[in-house]
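What follows is a set of notes on a single structure, which appears directly below.
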Amino acid sequence: MSQTMRTEASPTTWVKIASAEALQGTRPVAAVTAFGQDLVLFRDEEGQLGLIGRYCPHRGADLCFGRHEDNGLRCPFHGWHFDRSGQCTEQPAEPEDSTMYKAIRLPSYTVIEQNGDILAWFGEGSAPAIENNDESNQSLPKGPNA
Amino acid sequence: MITQKLNDQITRIGPNTPAGAVHRHYWQPAALSDEVTNDEPLVPVNLLGERLVLMRGASGDLVLTARVASPDEAPTHHPAPEDIRVVDGAPIYPVVEKNGIMFAYLGGGEPPAFPNFDCFRAPESHVFAFKGLWECNWLQALEIGIDPGHASFLHRFLQDEDPSDSYGKQFRDMAADTNMPITQVLREYPRPDINVDETPFGLKITSLRHMTNGLTHVRVTNQIFPSAICIPMSREMIITQWHVPIDDENCYWFTMFTSFQNPVDKEIMRAQRLKEHSLPDYAPLKNRSNNYNYDPEEQKTKTYTGMGLDINVHDQWAVESMGAIQDRTREHLGRGDAAIVRYRLMLRKAIKAVETGKLERLPMQDRQETPQIIGPLSNDAIADSEDWLAASQRSDMQRRTACPWDATV
(Lines give C-alpha, C1' and ligand atoms only; values in the text may rest on other atoms or scores of the structure.)
Protein backbone atom coordinates (compact mmCIF):
# COMPACT_ATOMS: atom_id res chain seq x y z
CA MET A 1 0.00 0.00 0.00
CA SER A 2 1.16 3.53 -0.53
CA GLN A 3 -0.32 6.47 1.27
CA THR A 4 3.07 8.10 0.96
CA MET A 5 3.47 11.84 1.14
CA ARG A 6 3.62 13.27 -2.32
CA THR A 7 7.00 14.49 -3.43
CA GLU A 8 5.99 16.38 -6.55
CA ALA A 9 5.32 20.10 -6.28
CA SER A 10 1.77 20.71 -5.09
CA PRO A 11 -0.61 21.67 -7.87
CA THR A 12 -2.07 25.17 -7.93
CA THR A 13 -5.27 24.28 -9.75
CA TRP A 14 -8.16 21.88 -9.29
CA VAL A 15 -7.40 18.48 -10.78
CA LYS A 16 -9.87 16.19 -12.48
CA ILE A 17 -9.82 12.83 -10.67
CA ALA A 18 -12.86 11.10 -12.13
CA SER A 19 -15.90 11.64 -14.24
CA ALA A 20 -19.20 11.83 -12.39
CA GLU A 21 -20.19 8.60 -14.11
CA ALA A 22 -17.72 6.78 -11.89
CA LEU A 23 -20.13 7.32 -8.98
CA GLN A 24 -23.29 6.31 -10.78
CA GLY A 25 -24.97 3.10 -9.72
CA THR A 26 -26.25 1.95 -6.39
CA ARG A 27 -22.88 2.01 -4.63
CA PRO A 28 -21.10 5.31 -5.34
CA VAL A 29 -17.55 4.30 -4.41
CA ALA A 30 -14.50 4.42 -6.72
CA ALA A 31 -10.74 3.98 -6.44
CA VAL A 32 -8.66 7.05 -7.36
CA THR A 33 -4.90 7.34 -7.72
CA ALA A 34 -3.52 10.89 -7.80
CA PHE A 35 -0.13 12.42 -7.00
CA GLY A 36 1.19 9.04 -5.90
CA GLN A 37 -1.58 8.49 -3.40
CA ASP A 38 -4.11 5.70 -3.32
CA LEU A 39 -7.49 7.19 -2.45
CA VAL A 40 -11.15 6.25 -2.39
CA LEU A 41 -13.84 8.58 -3.71
CA PHE A 42 -17.42 8.24 -2.54
CA ARG A 43 -20.70 10.07 -2.21
CA ASP A 44 -22.25 9.93 1.23
CA GLU A 45 -25.92 9.79 2.15
CA GLU A 46 -26.09 13.60 2.33
CA GLY A 47 -25.05 13.68 -1.32
CA GLN A 48 -21.62 15.11 -0.46
CA LEU A 49 -18.40 13.81 -1.96
CA GLY A 50 -15.50 12.42 0.06
CA LEU A 51 -11.97 11.69 -1.14
CA ILE A 52 -10.03 9.92 1.59
CA GLY A 53 -7.09 7.53 2.01
CA ARG A 54 -7.79 4.14 0.49
CA TYR A 55 -6.31 1.87 3.15
CA CYS A 56 -7.79 1.48 6.60
CA PRO A 57 -5.43 3.04 9.16
CA HIS A 58 -6.02 0.06 11.47
CA ARG A 59 -4.32 -2.79 9.60
CA GLY A 60 -4.37 -1.62 6.00
CA ALA A 61 -7.42 -3.32 4.47
CA ASP A 62 -8.76 -1.79 1.24
CA LEU A 63 -11.66 0.61 1.82
CA CYS A 64 -12.66 0.40 -1.85
CA PHE A 65 -14.47 -2.76 -0.72
CA GLY A 66 -15.87 -0.89 2.28
CA ARG A 67 -19.49 -1.04 3.29
CA HIS A 68 -21.23 2.08 2.01
CA GLU A 69 -23.40 2.83 5.03
CA ASP A 70 -24.12 5.22 7.89
CA ASN A 71 -23.18 8.26 5.81
CA GLY A 72 -19.64 7.04 5.16
CA LEU A 73 -17.48 4.01 4.48
CA ARG A 74 -17.03 1.13 6.89
CA CYS A 75 -14.05 -1.22 6.70
CA PRO A 76 -15.21 -4.83 6.29
CA PHE A 77 -12.32 -6.10 8.41
CA HIS A 78 -13.27 -4.72 11.87
CA GLY A 79 -16.05 -2.24 11.15
CA TRP A 80 -14.06 0.98 11.55
CA HIS A 81 -16.22 3.73 10.06
CA PHE A 82 -15.03 6.90 8.28
CA ASP A 83 -16.93 10.00 7.21
CA ARG A 84 -16.18 12.10 4.14
CA SER A 85 -13.58 14.12 6.02
CA GLY A 86 -11.59 10.94 6.70
CA GLN A 87 -12.43 11.09 10.40
CA CYS A 88 -12.91 7.72 12.07
CA THR A 89 -16.29 7.81 13.79
CA GLU A 90 -16.62 4.28 15.21
CA GLN A 91 -14.46 1.29 16.18
CA PRO A 92 -17.13 -1.26 17.00
CA ALA A 93 -14.71 -4.08 17.89
CA GLU A 94 -12.88 -2.03 20.50
CA PRO A 95 -14.11 -1.94 24.12
CA GLU A 96 -17.13 0.31 24.75
CA ASP A 97 -15.08 2.83 26.74
CA SER A 98 -12.43 3.27 24.04
CA THR A 99 -12.04 6.75 22.57
CA MET A 100 -9.19 5.79 20.27
CA TYR A 101 -11.31 6.53 17.20
CA LYS A 102 -11.19 10.26 17.95
CA ALA A 103 -7.48 10.34 17.18
CA ILE A 104 -7.77 8.39 13.90
CA ARG A 105 -8.17 10.35 10.70
CA LEU A 106 -7.36 9.44 7.12
CA PRO A 107 -5.93 12.03 4.73
CA SER A 108 -8.73 13.75 2.82
CA TYR A 109 -9.08 16.27 -0.02
CA THR A 110 -11.68 18.82 -1.02
CA VAL A 111 -13.73 17.62 -3.98
CA ILE A 112 -16.27 19.26 -6.26
CA GLU A 113 -18.44 18.07 -9.11
CA GLN A 114 -18.66 20.29 -12.17
CA ASN A 115 -19.81 19.73 -15.73
CA GLY A 116 -19.81 15.97 -15.29
CA ASP A 117 -16.31 15.93 -13.84
CA ILE A 118 -15.14 15.40 -10.30
CA LEU A 119 -12.29 17.74 -9.37
CA ALA A 120 -10.08 17.66 -6.31
CA TRP A 121 -7.85 20.23 -4.65
CA PHE A 122 -4.42 18.85 -3.78
CA GLY A 123 -2.73 22.24 -3.40
CA GLU A 124 -1.46 24.12 -0.37
CA GLY A 125 -3.93 26.11 1.69
CA SER A 126 -7.63 26.35 1.06
CA ALA A 127 -9.11 25.67 -2.34
CA PRO A 128 -9.49 28.63 -4.69
CA ALA A 129 -12.81 29.56 -6.24
CA ILE A 130 -13.32 27.52 -9.34
CA GLU A 131 -13.66 28.89 -12.85
CA ASN A 132 -17.19 27.86 -13.37
CA ASN A 133 -18.71 27.59 -16.81
CA ASP A 134 -21.61 25.50 -15.67
CA GLU A 135 -24.56 27.80 -15.09
CA SER A 136 -26.38 25.13 -13.16
CA ASN A 137 -23.62 24.94 -10.57
CA GLN A 138 -22.64 28.39 -9.42
CA SER A 139 -21.89 27.71 -5.82
CA LEU A 140 -18.41 27.71 -4.36
CA PRO A 141 -16.91 24.29 -3.79
CA LYS A 142 -18.05 22.57 -0.65
CA GLY A 143 -15.58 19.90 0.24
CA PRO A 144 -15.25 17.87 3.39
CA ASN A 145 -12.91 20.45 4.91
CA ALA A 146 -15.00 23.47 3.94
CA MET B 1 2.97 1.62 14.27
CA ILE B 2 6.45 0.18 13.91
CA THR B 3 9.49 1.30 11.97
CA GLN B 4 10.20 0.11 8.45
CA LYS B 5 13.35 -1.52 9.78
CA LEU B 6 11.41 -3.56 12.30
CA ASN B 7 8.73 -4.44 9.74
CA ASP B 8 11.44 -5.79 7.45
CA GLN B 9 13.01 -7.72 10.31
CA ILE B 10 9.81 -9.54 11.32
CA THR B 11 8.42 -10.21 7.83
CA ARG B 12 11.33 -11.20 5.55
CA ILE B 13 12.22 -14.86 5.61
CA GLY B 14 14.77 -15.64 2.87
CA PRO B 15 18.09 -17.35 3.66
CA ASN B 16 20.21 -15.15 5.94
CA THR B 17 17.36 -13.04 7.28
CA PRO B 18 16.59 -12.82 11.04
CA ALA B 19 12.99 -14.09 10.81
CA GLY B 20 14.03 -16.63 8.17
CA ALA B 21 16.57 -18.02 10.64
CA VAL B 22 13.81 -18.46 13.25
CA HIS B 23 11.58 -20.33 10.77
CA ARG B 24 14.49 -22.60 9.92
CA HIS B 25 14.47 -23.95 13.48
CA TYR B 26 11.00 -25.48 12.95
CA TRP B 27 9.42 -28.19 10.80
CA GLN B 28 7.58 -26.52 7.93
CA PRO B 29 4.73 -27.93 5.84
CA ALA B 30 6.31 -28.37 2.40
CA ALA B 31 3.69 -30.27 0.41
CA LEU B 32 0.46 -32.22 0.77
CA SER B 33 0.71 -35.99 0.65
CA ASP B 34 -1.91 -35.61 -2.11
CA GLU B 35 0.79 -33.99 -4.26
CA VAL B 36 3.01 -37.06 -4.08
CA THR B 37 1.38 -39.29 -6.65
CA ASN B 38 3.98 -41.96 -7.30
CA ASP B 39 6.85 -43.86 -5.69
CA GLU B 40 9.61 -41.84 -7.34
CA PRO B 41 8.26 -38.33 -6.92
CA LEU B 42 9.76 -35.09 -8.17
CA VAL B 43 7.46 -32.48 -6.65
CA PRO B 44 8.48 -28.83 -6.89
CA VAL B 45 8.38 -27.04 -3.54
CA ASN B 46 8.72 -23.28 -3.07
CA LEU B 47 9.44 -22.62 0.57
CA LEU B 48 11.12 -19.85 2.61
CA GLY B 49 12.42 -18.19 -0.54
CA GLU B 50 14.13 -21.41 -1.69
CA ARG B 51 13.43 -23.34 -4.92
CA LEU B 52 13.30 -26.98 -3.92
CA VAL B 53 12.18 -30.40 -5.02
CA LEU B 54 10.69 -33.20 -2.96
CA MET B 55 12.22 -36.51 -4.03
CA ARG B 56 13.69 -39.78 -2.78
CA GLY B 57 17.15 -39.39 -1.30
CA ALA B 58 20.03 -41.88 -1.43
CA SER B 59 18.61 -43.78 1.56
CA GLY B 60 15.19 -44.13 -0.05
CA ASP B 61 13.60 -41.62 2.33
CA LEU B 62 11.81 -38.55 1.03
CA VAL B 63 13.99 -35.42 1.18
CA LEU B 64 13.97 -31.87 -0.06
CA THR B 65 16.84 -30.39 -2.00
CA ALA B 66 17.49 -27.44 -4.30
CA ARG B 67 16.32 -27.47 -7.92
CA VAL B 68 17.70 -25.33 -10.73
CA ALA B 69 15.53 -22.23 -11.04
CA SER B 70 15.63 -19.06 -13.06
CA PRO B 71 15.22 -15.74 -11.23
CA ASP B 72 12.17 -14.71 -13.28
CA GLU B 73 9.99 -17.74 -12.61
CA ALA B 74 6.71 -17.18 -10.75
CA PRO B 75 6.75 -17.54 -6.95
CA THR B 76 4.61 -20.68 -7.19
CA HIS B 77 6.34 -22.02 -10.31
CA HIS B 78 5.53 -25.70 -10.64
CA PRO B 79 7.56 -27.34 -13.42
CA ALA B 80 6.68 -30.80 -14.68
CA PRO B 81 8.92 -33.61 -13.34
CA GLU B 82 10.79 -33.91 -16.65
CA ASP B 83 11.77 -30.23 -16.42
CA ILE B 84 13.21 -30.46 -12.91
CA ARG B 85 17.00 -30.42 -12.51
CA VAL B 86 18.46 -31.06 -9.08
CA VAL B 87 21.33 -28.79 -7.98
CA ASP B 88 24.40 -30.94 -7.36
CA GLY B 89 25.86 -30.71 -3.88
CA ALA B 90 22.99 -28.67 -2.45
CA PRO B 91 21.93 -29.29 1.17
CA ILE B 92 19.58 -32.24 1.73
CA TYR B 93 16.70 -31.38 4.04
CA PRO B 94 14.86 -34.12 5.97
CA VAL B 95 11.14 -34.75 5.36
CA VAL B 96 8.59 -36.37 7.67
CA GLU B 97 5.02 -37.19 6.67
CA LYS B 98 2.32 -36.48 9.25
CA ASN B 99 -1.37 -37.12 8.55
CA GLY B 100 -1.43 -35.79 5.00
CA ILE B 101 1.37 -33.21 5.11
CA MET B 102 5.04 -33.54 4.21
CA PHE B 103 6.96 -31.52 6.79
CA ALA B 104 10.53 -30.43 6.04
CA TYR B 105 13.30 -29.04 8.21
CA LEU B 106 15.42 -26.43 6.44
CA GLY B 107 17.72 -25.59 9.35
CA GLY B 108 21.15 -26.89 10.21
CA GLY B 109 21.82 -29.42 12.94
CA GLU B 110 19.38 -31.87 14.40
CA PRO B 111 15.70 -31.08 13.79
CA PRO B 112 13.45 -30.51 16.81
CA ALA B 113 10.90 -33.08 17.94
CA PHE B 114 7.24 -32.80 16.93
CA PRO B 115 4.86 -31.72 19.67
CA ASN B 116 2.07 -34.20 20.37
CA PHE B 117 -0.75 -31.97 19.12
CA ASP B 118 -4.14 -33.50 18.33
CA CYS B 119 -3.54 -33.12 14.58
CA PHE B 120 -0.41 -35.30 14.85
CA ARG B 121 -1.65 -37.94 17.31
CA ALA B 122 -5.12 -38.47 15.81
CA PRO B 123 -5.30 -41.47 13.48
CA GLU B 124 -5.02 -40.79 9.77
CA SER B 125 -8.78 -41.45 9.40
CA HIS B 126 -9.58 -38.43 11.59
CA VAL B 127 -7.37 -35.82 9.88
CA PHE B 128 -7.79 -34.15 6.51
CA ALA B 129 -5.14 -31.82 5.08
CA PHE B 130 -5.38 -29.18 2.38
CA LYS B 131 -3.55 -26.03 1.32
CA GLY B 132 -4.15 -22.80 -0.57
CA LEU B 133 -2.24 -19.84 -1.89
CA TRP B 134 -2.50 -16.33 -0.46
CA GLU B 135 -0.57 -13.68 -2.35
CA CYS B 136 0.87 -11.78 0.59
CA ASN B 137 3.50 -12.01 3.28
CA TRP B 138 3.09 -14.83 5.81
CA LEU B 139 2.94 -12.55 8.88
CA GLN B 140 -0.23 -10.70 7.91
CA ALA B 141 -1.74 -14.10 7.07
CA LEU B 142 -0.85 -15.34 10.55
CA GLU B 143 -2.00 -12.14 12.25
CA ILE B 144 -5.58 -12.46 11.01
CA GLY B 145 -5.63 -15.87 12.69
CA ILE B 146 -4.73 -14.43 16.10
CA ASP B 147 -7.25 -11.60 15.86
CA PRO B 148 -10.46 -12.84 17.52
CA GLY B 149 -12.41 -9.63 16.87
CA HIS B 150 -12.51 -9.76 13.09
CA ALA B 151 -14.91 -12.72 12.99
CA SER B 152 -17.71 -10.45 14.24
CA PHE B 153 -17.32 -8.23 11.16
CA LEU B 154 -15.43 -9.76 8.26
CA HIS B 155 -17.30 -13.07 8.57
CA ARG B 156 -20.65 -11.58 9.53
CA PHE B 157 -23.66 -13.12 7.86
CA LEU B 158 -26.58 -10.75 7.84
CA GLN B 159 -28.79 -13.83 7.97
CA ASP B 160 -27.84 -17.14 9.62
CA GLU B 161 -27.53 -20.31 7.57
CA ASP B 162 -29.06 -23.55 8.68
CA PRO B 163 -26.29 -25.18 10.76
CA SER B 164 -27.42 -28.65 9.66
CA ASP B 165 -25.97 -27.83 6.23
CA SER B 166 -22.61 -26.90 7.70
CA TYR B 167 -20.30 -29.91 7.44
CA GLY B 168 -16.71 -28.92 6.88
CA LYS B 169 -17.35 -25.17 7.17
CA GLN B 170 -16.25 -22.68 9.82
CA PHE B 171 -18.63 -20.89 12.24
CA ARG B 172 -21.75 -22.72 11.05
CA ASP B 173 -22.32 -24.81 14.17
CA MET B 174 -24.64 -24.01 17.04
CA ALA B 175 -22.76 -22.47 19.94
CA ALA B 176 -22.33 -25.23 22.49
CA ASP B 177 -25.42 -25.91 24.62
CA THR B 178 -27.60 -23.27 22.96
CA ASN B 179 -29.79 -22.92 19.95
CA MET B 180 -27.83 -19.92 18.76
CA PRO B 181 -25.74 -20.31 15.62
CA ILE B 182 -22.17 -19.12 16.27
CA THR B 183 -22.70 -16.58 13.50
CA GLN B 184 -25.42 -14.97 15.62
CA VAL B 185 -23.23 -14.86 18.74
CA LEU B 186 -20.42 -13.24 16.78
CA ARG B 187 -22.75 -10.68 15.21
CA GLU B 188 -24.54 -9.66 18.37
CA TYR B 189 -21.48 -9.43 20.60
CA PRO B 190 -18.74 -7.76 18.55
CA ARG B 191 -16.45 -6.44 21.32
CA PRO B 192 -14.74 -9.45 22.88
CA ASP B 193 -12.50 -9.15 25.92
CA ILE B 194 -9.24 -10.74 24.83
CA ASN B 195 -6.85 -12.48 27.22
CA VAL B 196 -3.48 -13.63 25.95
CA ASP B 197 -1.27 -16.11 27.83
CA GLU B 198 2.16 -17.40 26.89
CA THR B 199 2.40 -21.19 26.71
CA PRO B 200 5.20 -23.66 25.94
CA PHE B 201 4.04 -23.75 22.28
CA GLY B 202 3.17 -20.08 21.73
CA LEU B 203 0.06 -18.22 22.87
CA LYS B 204 -3.32 -19.15 24.26
CA ILE B 205 -5.93 -16.56 23.24
CA THR B 206 -9.21 -16.45 25.15
CA SER B 207 -12.00 -14.27 23.77
CA LEU B 208 -14.93 -13.58 26.06
CA ARG B 209 -18.20 -12.29 24.66
CA HIS B 210 -20.40 -11.38 27.60
CA MET B 211 -23.97 -12.07 26.56
CA THR B 212 -27.28 -11.26 28.19
CA ASN B 213 -28.74 -13.45 30.96
CA GLY B 214 -25.42 -13.88 32.74
CA LEU B 215 -23.95 -16.01 29.97
CA THR B 216 -20.53 -15.70 28.37
CA HIS B 217 -19.31 -17.08 25.05
CA VAL B 218 -15.77 -18.37 25.51
CA ARG B 219 -13.66 -19.00 22.43
CA VAL B 220 -10.18 -20.40 22.97
CA THR B 221 -7.73 -20.25 20.07
CA ASN B 222 -3.97 -20.68 19.95
CA GLN B 223 -0.85 -19.42 18.24
CA ILE B 224 1.68 -22.18 17.65
CA PHE B 225 5.15 -20.76 17.15
CA PRO B 226 6.25 -19.63 14.67
CA SER B 227 3.55 -19.58 11.96
CA ALA B 228 0.56 -21.73 12.97
CA ILE B 229 -2.75 -21.37 14.73
CA CYS B 230 -5.05 -23.94 16.30
CA ILE B 231 -8.73 -22.94 16.43
CA PRO B 232 -12.11 -24.63 16.77
CA MET B 233 -14.10 -25.12 13.58
CA SER B 234 -17.16 -26.89 14.96
CA ARG B 235 -17.93 -29.05 17.95
CA GLU B 236 -16.62 -31.99 15.98
CA MET B 237 -13.50 -30.50 14.40
CA ILE B 238 -10.56 -28.26 15.11
CA ILE B 239 -8.29 -26.58 12.59
CA THR B 240 -4.50 -26.47 12.87
CA GLN B 241 -3.24 -24.09 10.20
CA TRP B 242 0.26 -23.02 9.23
CA HIS B 243 0.95 -19.86 7.24
CA VAL B 244 4.03 -21.01 5.42
CA PRO B 245 6.18 -18.50 3.55
CA ILE B 246 6.74 -19.26 -0.13
CA ASP B 247 8.81 -16.09 -0.38
CA ASP B 248 8.48 -12.64 1.20
CA GLU B 249 5.31 -11.82 -0.74
CA ASN B 250 3.42 -15.11 -0.97
CA CYS B 251 2.42 -17.87 1.41
CA TYR B 252 0.49 -21.12 1.60
CA TRP B 253 -1.97 -21.95 4.31
CA PHE B 254 -1.65 -25.62 5.18
CA THR B 255 -4.51 -26.88 7.30
CA MET B 256 -5.05 -30.10 9.22
CA PHE B 257 -8.74 -30.57 10.02
CA THR B 258 -8.89 -32.90 13.02
CA SER B 259 -12.08 -34.65 14.05
CA PHE B 260 -12.68 -35.86 17.59
CA GLN B 261 -15.59 -38.23 17.20
CA ASN B 262 -16.14 -39.50 13.67
CA PRO B 263 -13.62 -40.06 10.90
CA VAL B 264 -13.33 -37.04 8.60
CA ASP B 265 -15.28 -37.34 5.38
CA LYS B 266 -12.25 -36.60 3.24
CA GLU B 267 -14.09 -36.84 -0.05
CA ILE B 268 -16.52 -34.09 0.91
CA MET B 269 -13.77 -31.98 2.47
CA ARG B 270 -11.50 -32.36 -0.56
CA ALA B 271 -14.27 -31.72 -3.09
CA GLN B 272 -15.43 -28.59 -1.23
CA ARG B 273 -11.91 -27.16 -1.45
CA LEU B 274 -10.83 -28.40 -4.89
CA LYS B 275 -13.87 -26.62 -6.27
CA GLU B 276 -12.38 -23.31 -5.05
CA HIS B 277 -8.76 -23.85 -6.17
CA SER B 278 -6.79 -24.57 -9.32
CA LEU B 279 -3.94 -27.07 -9.33
CA PRO B 280 -1.01 -27.63 -9.34
CA ASP B 281 -0.33 -24.44 -7.37
CA TYR B 282 -3.53 -24.47 -5.27
CA ALA B 283 -4.34 -20.91 -6.31
CA PRO B 284 -7.83 -19.79 -5.23
CA LEU B 285 -10.28 -19.17 -8.08
CA LYS B 286 -11.56 -16.08 -6.30
CA ASN B 287 -8.67 -13.64 -6.12
CA ARG B 288 -7.53 -10.09 -6.73
CA SER B 289 -7.85 -10.44 -10.52
CA ASN B 290 -11.61 -11.00 -10.29
CA ASN B 291 -12.20 -8.83 -7.19
CA TYR B 292 -12.94 -11.98 -5.19
CA ASN B 293 -16.34 -12.09 -6.96
CA TYR B 294 -17.31 -9.00 -4.98
CA ASP B 295 -21.02 -8.23 -5.30
CA PRO B 296 -22.21 -4.90 -3.82
CA GLU B 297 -25.81 -6.14 -3.67
CA GLU B 298 -24.76 -9.18 -1.64
CA GLN B 299 -22.76 -6.89 0.65
CA LYS B 300 -25.91 -4.93 1.35
CA THR B 301 -28.15 -7.84 2.12
CA LYS B 302 -26.28 -11.08 2.89
CA THR B 303 -22.62 -10.87 3.84
CA TYR B 304 -20.41 -8.19 5.35
CA THR B 305 -17.88 -8.43 2.50
CA GLY B 306 -20.09 -9.21 -0.51
CA MET B 307 -17.66 -12.04 -1.30
CA GLY B 308 -19.76 -15.11 -0.70
CA LEU B 309 -20.18 -17.45 2.25
CA ASP B 310 -16.70 -19.00 2.27
CA ILE B 311 -14.90 -17.34 5.17
CA ASN B 312 -11.54 -18.35 3.74
CA VAL B 313 -12.16 -15.94 0.85
CA HIS B 314 -12.94 -13.14 3.32
CA ASP B 315 -9.64 -13.75 5.11
CA GLN B 316 -7.79 -13.94 1.81
CA TRP B 317 -9.24 -10.60 0.70
CA ALA B 318 -8.42 -8.95 4.03
CA VAL B 319 -4.78 -10.01 4.03
CA GLU B 320 -4.12 -9.58 0.32
CA SER B 321 -5.77 -6.13 0.24
CA MET B 322 -3.08 -4.85 2.63
CA GLY B 323 -0.51 -5.22 -0.14
CA ALA B 324 2.28 -7.76 -0.63
CA ILE B 325 3.85 -6.84 2.72
CA GLN B 326 1.59 -4.85 5.05
CA ASP B 327 3.02 -1.39 5.69
CA ARG B 328 3.05 -1.52 9.48
CA THR B 329 4.54 1.99 9.69
CA ARG B 330 0.96 3.19 9.08
CA GLU B 331 -1.03 0.79 11.24
CA HIS B 332 -2.92 1.76 14.41
CA LEU B 333 -3.36 -1.24 16.66
CA GLY B 334 -6.08 -1.24 19.30
CA ARG B 335 -6.86 -3.33 22.36
CA GLY B 336 -8.43 -5.89 20.05
CA ASP B 337 -4.98 -6.53 18.61
CA ALA B 338 -3.53 -7.72 21.93
CA ALA B 339 -2.49 -11.14 20.60
CA ILE B 340 -0.79 -9.62 17.57
CA VAL B 341 1.27 -7.34 19.79
CA ARG B 342 2.20 -10.27 22.03
CA TYR B 343 3.14 -12.46 19.08
CA ARG B 344 5.45 -9.84 17.59
CA LEU B 345 7.25 -9.55 20.93
CA MET B 346 7.66 -13.32 20.97
CA LEU B 347 9.04 -13.31 17.42
CA ARG B 348 11.49 -10.52 18.26
CA LYS B 349 12.66 -12.43 21.33
CA ALA B 350 13.16 -15.49 19.13
CA ILE B 351 15.13 -13.46 16.57
CA LYS B 352 17.34 -12.20 19.39
CA ALA B 353 17.77 -15.72 20.77
CA VAL B 354 18.92 -17.06 17.40
CA GLU B 355 21.26 -14.11 16.85
CA THR B 356 22.90 -14.62 20.25
CA GLY B 357 23.00 -18.42 19.98
CA LYS B 358 20.61 -18.93 22.92
CA LEU B 359 18.48 -21.47 21.10
CA GLU B 360 17.07 -22.91 24.32
CA ARG B 361 15.00 -19.73 24.57
CA LEU B 362 13.03 -20.63 21.42
CA PRO B 363 9.67 -22.37 21.99
CA MET B 364 9.55 -26.14 21.41
CA GLN B 365 13.27 -26.74 20.82
CA ASP B 366 13.80 -29.12 23.76
CA ARG B 367 13.74 -32.66 22.37
CA GLN B 368 12.59 -34.18 25.68
CA GLU B 369 9.90 -31.68 26.57
CA THR B 370 8.36 -30.96 23.17
CA PRO B 371 6.77 -34.43 22.70
CA GLN B 372 5.03 -33.90 26.07
CA ILE B 373 3.13 -30.92 24.66
CA ILE B 374 -0.47 -32.04 24.03
CA GLY B 375 -3.73 -30.43 23.01
CA PRO B 376 -4.00 -27.53 22.72
CA LEU B 377 -7.49 -26.75 23.92
CA SER B 378 -9.40 -25.09 21.05
CA ASN B 379 -13.01 -24.68 21.84
CA ASP B 380 -16.21 -22.65 21.72
CA ALA B 381 -18.43 -22.77 24.78
CA ILE B 382 -21.25 -20.78 26.30
CA ALA B 383 -21.21 -20.74 30.08
CA ASP B 384 -22.41 -18.93 33.15
CA SER B 385 -20.31 -15.80 33.27
CA GLU B 386 -19.17 -16.74 36.81
CA ASP B 387 -17.92 -20.12 35.68
CA TRP B 388 -16.57 -19.59 32.16
CA LEU B 389 -13.07 -20.95 32.71
CA ALA B 390 -14.20 -24.27 34.17
CA ALA B 391 -17.03 -24.54 31.67
CA SER B 392 -14.70 -24.06 28.72
CA GLN B 393 -12.44 -26.84 29.98
CA ARG B 394 -15.40 -29.10 30.79
CA SER B 395 -16.80 -28.72 27.31
CA ASP B 396 -13.44 -29.62 25.78
CA MET B 397 -13.07 -32.61 28.12
CA GLN B 398 -16.49 -33.95 27.11
CA ARG B 399 -15.52 -34.39 23.49
CA ARG B 400 -12.06 -35.65 24.36
CA THR B 401 -13.52 -38.32 26.64
CA ALA B 402 -16.00 -39.45 23.99
CA CYS B 403 -13.29 -39.55 21.34
CA PRO B 404 -12.29 -42.98 19.93
CA TRP B 405 -8.59 -42.04 19.75
CA ASP B 406 -6.44 -40.94 22.67
CA ALA B 407 -7.23 -37.25 23.01
CA THR B 408 -6.58 -37.02 26.73
CA VAL B 409 -4.93 -33.91 28.08
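Of note:
- Sole residue being free of Cβ contacts under 8 Å to residues at least 60 places away in the same chain and out of contact with any helix residue (DSSP H, G or I) (no Cβ under 6 Å at 6 or more places or on another chain), chosen from B:96, B:87: B:87
- Considering residues of segment B:302-340 that are part of a helix (DSSP H, G or I) and among the charged types (D, E, K, R) only, the residue nearest to residue A:91 (Cα to Cα): B:335
- Test for residue B:212: is it touching a residue at least 40 places away in the same chain (Cβ under 8 Å) and of a type in the set (S, T, N, Q): no
- Members of segment B:1-54 that are among the hydrophobic types (A, V, I, L, M, F, W, C), farther than 18 Å from residue B:243 by Cβ and in contact with a Lys or Arg (Cβ under 9 Å, 6 or more places away or on another chain): B:1, B:2, B:6, B:42, B:52, B:53
- Test: residue in segment A:48-56 that is within 12 Å of chain B (Cβ to nearest Cβ), assigned to a strand (DSSP E or B) and either in contact (Cβ under 8 Å) with a residue 60 or more places away in the chain or within 13 Å of the chain's Cα centre (by Cα) (or both): yes
- Residues in segment B:1-39 that are of a type in the set (Ser, Thr, Tyr), at pLDDT 95 or above and part of a loop (DSSP other than H, G, I, E, B): B:3, B:17, B:26.
- Pair list, Cβ < 9 Å and 6+ apart or interchain, from segment A:85-102 residues that are within 11 Å of chain B (Cβ to nearest Cβ) and within 25 Å of residue A:46 (Cβ to Cβ) to residues that are buried (at least 18 other Cβ atoms within 10 Å of the Cβ) and β-branched (Val, Ile, Thr): A:88/A:104; A:91/A:104
- Conditions (1) without any contact (Cβ under 8 Å) to a residue 40 or more places away in the chain; (2) in contact with a helix residue (DSSP H, G or I) (Cβ under 7 Å, 6 or more places away or on another chain); (3) closer than 27 Å to residue B:324 by Cα; number of the one not met by residue A:38: (2)
- Residue B:401 being more than 14 Å from every other protein chain (Cβ to nearest Cβ) and within 23 Å of the chain's Cα centre (by Cα): no
- Only one of B:45, B:53 that is in contact with a Ser or Thr (Cβ under 8 Å, 6 or more places away or on another chain), modelled with pLDDT of 95 or more, of a type outside the set (Asp, Glu) and surrounded by 16 or more Cβ atoms within 10 Å (Cβ to Cβ): B:53
Condition check ((1) outside the structural domain of residue B:76 (by TED's automatic domain parsing); (2) under 20 Å from the mean Cα position of the chain (by Cα)) across all residues:
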{"site": "B:9", "(1), (2)": "yes, no"}
{"site": "B:13", "(1), (2)": "yes, yes"}
{"site": "B:17", "(1), (2)": "yes, no"}
{"site": "B:20", "(1), (2)": "yes, yes"}
{"site": "B:34", "(1), (2)": "no, yes"}
{"site": "B:44", "(1), (2)": "no, no"}
{"site": "B:53", "(1), (2)": "no, no"}
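- Qualifying positions in segment B:177-202 - surrounded by fewer than 22 Cβ atoms within 10 Å (Cβ to Cβ) and more than 14 Å from chain A (Cβ to nearest Cβ): B:177, B:178, B:179, B:180, B:181, B:184, B:196, B:197, B:198, B:199, B:200, B:201
- Test: residue in segment A:114-123 that is part of a loop (DSSP other than H, G, I, E, B), within 14 Å of chain B (Cβ to nearest Cβ) and surrounded by fewer than 20 Cβ atoms within 10 Å (Cβ to Cβ): no
- Any chance residue B:252 is of a type in the set (Phe, Trp, Tyr) and either touching a residue at least 60 places away in the same chain (Cβ under 8 Å) or not in a helix (DSSP H, G or I) (or both): yes
The values are calculated or read from the model by the stated rules, or taken from the named source; none is laboratory data. The model shown is predicted, which means the values in this text are computed figures rather than measured ones. Using ideal geometry, Cβ is built from the backbone for each residue, glycine included, and neighbour counts are taken over all protein chains shown.
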